[in-house]
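Structure first, then comments.
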Amino acid sequence: MYLSKFANEESTFVVNVILKDEDGVVITPKTLEWGLYDNQGTVINSRQNVVITTPESSNNIVLKGDDLSIISDDMMREERVLQVDATYDSIYGSDLPHSQEFRFFVQNLKGTV
């Protein structure tokens with residue numbers, strides 16, 4: 001899923017994560033972790049397997065500073081991928097896996113091509 005807002009380079013960007021089950025019902029995950037990557041799968045700022053200790057039905061993931069740094073000053077913006085992995089229970093079973101990507105762009109504020 002592409003997010004409609006851009007993040008500003010080295011600023012703060014909050015991604016509100018709400019997950020839904022196979023019937024479209026909002027779930028409260030039993031476990032929830034996330035990672036931040038560029039669009040080629042490289043981990044950004046060592047943000048991999050970050051655990052949210054008490055997941056809720058709505059979880060804010062706060063990205064800031066080096067999470068939103070620009071790798072190449074030649075680009076106007078760079079794509080980031082926030083990968084979320086969770087487990088949950090439903091009428092279909094226990095500890096069911098759920099994965100979702102949230103894609104967004106970081107706007108280069110220092111200069112563009």
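Checking 62, 51 one by one, the residue that is exposed (fewer than 13 other Cβ atoms within 10 Å of the Cβ), under 15 Å from residue 106 (Cα atoms) and β-branched (Val, Ile, Thr) is 62 and no other.
The residue that is farthest from residue 97 (Cα to Cα), among those in the range 31-52 that are part of a loop (DSSP other than H, G, I, E, B) and not β-branched (Val, Ile, Thr), is 45.
So that you can scan it fast, the table gives a plain yes or no per residue for (1) over 22 Å from residue 22 (Cβ atoms); (2) at pLDDT 95 or above; (3) not in a strand (DSSP E or B):
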| site | (1), (2), (3) |
| --- | --- |
| 54 | yes, yes, yes |
| 62 | yes, yes, no |
| 70 | yes, no, yes |
| 80 | yes, yes, no |
| 111 | yes, no, yes |
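Restricting attention to the range 5-27, the residues being part of a loop (DSSP other than H, G, I, E, B) and touching a Leu at 6+ places or on another chain (Cβ under 9 Å) number 7.
The values are calculated or read from the model by the stated rules, or taken from the named source; none is laboratory data. Since we're looking at a predicted model, the values are computed, not measured. Note that each Cβ is placed from the backbone with ideal geometry, even for glycine, and that neighbours are counted across all protein chains shown.
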